[in-house]
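Chemist: Before we start, here is the structure in question, set down as structure tokens.
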Amino acid sequence: MAFEEGALAKEVHLVIDRTGLAEFLRLRRESLQPEDVGLPRGRRRRTNGLRREEVAVLCRMSTDYYARLERGRGPQPSEQMIASIAQGLHLSLDERDHLFRLAGHTPPTRGADNEHISPGLLRILDRLQDTPAEIVSELGETLRQSRLAVALTGDLTVFSGPARSLGYRWFTDPATRQLYAPDDHPFLTRMFASGLRGVATLRGPGSRAADYVDLLLAESDEFREVWNDHEVGIRPNEVKHFVHPDIGALELTCQTLCAPNQSHFLIVYTAIPGSESYEKLQLLSVIGPQALR
């Protein structure tokens, strides 16, 4: 008999399958190679797949905690912990949902608010550590950055709540604008309002996009003014002008890759070889993220 996956999750009381969870984690770890997740292989490597300590770093947890899960021990992991493991192991959505059920949790809903990054986008990002690149949601929330992207813009994953959205910060946090050339500010103001209008219309009332609109209408006179112009379809310029606090102005070309079936985008910033901006990016790659004040 056919049935909806969501209905099954509501009808069945899920309990943790420690043996199944341990085996699934071990097999997924052993199936990954360092280069699959952006890690150096190193010499004299005898481990079949990734080491537990490497997975722990990817999943942002202690090696001891992860090791206990693979041994079928320890407390039941939280939903947040399982989500972190699913992302660290580069699981597909189906594999992520399976992992949640093994851990005794109902899988997150799939849709516009889903923050699980596809393995394909992660594999590309992992190979772009010498290039500014980031994965963002349709609301401009940075989900993951390359090392050089952090050096360029700062760590944009540290924000919480509505402030995770670049468009929201644009109208509520003046410091956000310091990273962009002043001549571009009027266009960016129109672009962010237009983009939010498009997403809010697409997702409808009750969506996070609609909530952000309500918040900005209440908090920003500038947003209210540009929102009342009802502009739609304003796309980002291919060339972006950044103002870095240490190396100054940069002119970078922006290329965007959209993940199929998910509202995530991989944005890559490059400079024309031989240009002043290219030389500055080379310098930034040496200085690293610590250059940002």
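Chemist: Binned at 10 Å from 0, what are the whole-percent values of the Cα-Cα distance distribution for the range 119-291, short to long?
Modeler: Histogram of Cα-Cα distances, whole percents per bin: 9, 37, 37, 15, 2.
Chemist: How large is the helix-only mean residue ellipticity at 222 nm for the chain, computed as the sum of -39500 (n - 2.57) over DSSP H runs with n ≥ 4, divided by its residue count, in deg cm²/dmol to the nearest 500? Intermediate values should be presented prior to the final figure.
Modeler: Details: 13 runs with 129 residues, N = 293.
So the helix-based figure for the chain works out to -13000 deg cm²/dmol.
Chemist: Fewest Cβ neighbours within 10 Å first, please rank C258, C59 accordingly.
Modeler: Exposure proxy ranking, most exposed first: C258, C59.
Chemist: Another one. For the range 193-261, state the semi-axes of the equivalent ellipsoid (square roots of 5 times the eigenvalues of the alpha-carbon gyration tensor), sorted largest first and rounded to whole angstrom.
Modeler: Each semi-axis is the square root of five times an eigenvalue, giving 27, 18, 12 Å.
Chemist: What are the semi-axes of the equivalent ellipsoid for the range 114-194, taken as the square roots of 5 times the Cα gyration tensor eigenvalues, largest first, in whole Å?
Modeler: In descending order, the three semi-axes are 23, 15, 11 Å.
Chemist: Using Stokes-Einstein with the Kirkwood hydrodynamic radius over Cα pairs, what translational diffusion coefficient do you get for the range 5-102 at 25 °C and a viscosity of 0.890 mPa s, in µm²/s rounded to a whole number?
Modeler: Translational D for this selection: 174 µm²/s.
Chemist: Another question about this same structure. Please give the Cα centre distance for the range 251-271 versus the range 67-100, rounded to the nearest Å.
Modeler: When both Cα centres are located, 28 Å separates them.
Chemist: Related question: Would you mind giving the average projected area, over all directions, of the Cα convex hull of the chain in nm² with one decimal? Intermediate values should be presented prior to the final figure.
Modeler: Numbers: hull surface 73.8 nm².
Spelled out: convex hull of the Cα atoms, projected over all directions, averaged, 18.4 nm².
Chemist: For the range 212-286, which GluC sites (Glu not before Pro) are both in a DSSP coil and crowded by at most 16 other Cβ atoms within 10 Å? Display every interim value, and only then the final one.
Modeler: Numbers: sites: E219, E222, E225, E231, E238, E251, E276, E279; in loops: E231, E238.
Answer in residue order: E231, E238.
Chemist: Rounded to the nearest 0.05, what FRET efficiency do S275 and I234 have when you use their Cβ-Cβ distance and R0 = 22 Å?
Modeler: According to the calculation, E is roughly 0.25.
Chemist: Same structure, new question: Please report E134, E23 as a ranked list, fewest other C-beta atoms within 10 angstrom at the top and most at the bottom.
Modeler: E23, E134
Chemist: Taking the Cα centre of the chain as origin, work out the dipole magnitude from +1 charges on Lys and Arg Cβ and -1 charges on Asp and Glu Cβ, in debye rounded to 20.
Modeler: 1440
Chemist: What residue among A103, A218, A163 shows peak mean-square fluctuation when the chain is described by a Gaussian network model with Cα springs under 10 Å?
Modeler: Result for the chain, Cα springs under 10 Å: A218 fluctuates most.
Chemist: What FRET efficiency would be calculated for the residue pair E30, Q282, taking the C-beta separation as r and a Förster radius of 41 Å, to the nearest 0.05?
Modeler: Step by step, r from the Cβ atoms, then E = 0.60.
Chemist: Over the chain, what relative contact order in percent results from Cα pairs under 8 Å that are six or more residues apart?
Modeler: Computed value for the chain: 15 percent relative contact order.
Chemist: Still on this structure, I have one more. Please work out the Cα center distance from the range 212-244 to the range 141-201, rounded to the nearest Å.
Modeler: Between the Cα centres of the range 212-244 and the range 141-201 lies a distance of 10 Å.
Chemist: Mind checking the full-extension length gain between R190 and T109? Use 0.36 nm per residue of separation minus the Cα-Cα distance, one decimal, nm.
Modeler: Between R190 and T109, full extension yields an extra 25.9 nm.
Chemist: Relative contact order for the range 36-172 using alpha-carbon pairs under 8 Å, separation at least 6, rounded to a whole percent?
Modeler: 16
Read-outs throughout are calculated quantities, based only on the coordinates presented, and are distinct from any laboratory measurement. Predicted model only: the values in this text are computed from it and were never measured. Heads up, the Cβs are rebuilt from the backbone with ideal geometry, glycines too, and the neighbour counts pull from every protein chain shown.
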